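**Student:** The structure's right below; bear with me while I get my questions together.
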């Protein structure tokens, strides 16, 4: 019997009460996950998410969690360029493996969170 996506309380800044939102939506508010080979489709998803988070809140830091065997050069460069372009600092954290192009992306992020 499938349980589904867990819901967690999330308080939108400015609201007094928290609303129940699925876990993935809450995590995407501050974090981005790269957990597969770097190809065009995932690159479009990640770069779009970073630009959206930058436009929505240009002050809060973005965390990019990596577990990737690497992938296409051009797709990886697009992610790297987006990381350097957006206003918030992007902190990269490796959870598992960051090989090939994923290691380049890992090194493109901020190193230490204050």
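**Student:** Suppose each label sits 7 Å from its Cα in the direction of the beta carbon; what would the residue 17-residue 36 distance come out to in nanometres?
**Tutor:** 3.8 nm
**Student:** Still on this structure, I have one more. Gaussian network model of the chain, Cα springs within a sub-10 Å range: biggest mean-square fluctuation belongs to which of 86, 26, 51?
**Tutor:** 26
**Student:** Using only alpha carbon pairs under 8 Å that are at least six residues apart, calculate the relative contact order of the chain and give it in whole percent.
**Tutor:** Worked out over the chain, it gives 23 percent.
**Student:** Once each part is reduced to its C-alpha centroid, what is the distance from the range 45-114 to the range 10-44 in angstrom?
**Tutor:** Each part reduced to its Cα centre gives a spacing of 14 Å.
**Student:** Using only alpha carbons, build the gyration tensor for the chain and give me the equivalent ellipsoid semi-axes, biggest first, whole Å.
**Tutor:** 26, 18, 12
**Student:** Go ahead and estimate [θ] at 222 nm for the chain from helices alone: -39,500 (n - 2.57) per DSSP H run with n ≥ 4, summed, over the residue count, rounded to 500.
**Tutor:** -11500 deg cm²/dmol
Values quoted throughout were computed directly from the atomic coordinates according to the rules given, and no laboratory measurement underlies them. The shown structure was predicted, so the numbers you read here are calculated from the model rather than taken from an experiment. Reconstructed Cβ throughout: ideal geometry from the backbone, glycine too, with neighbour counts over all protein chains shown.
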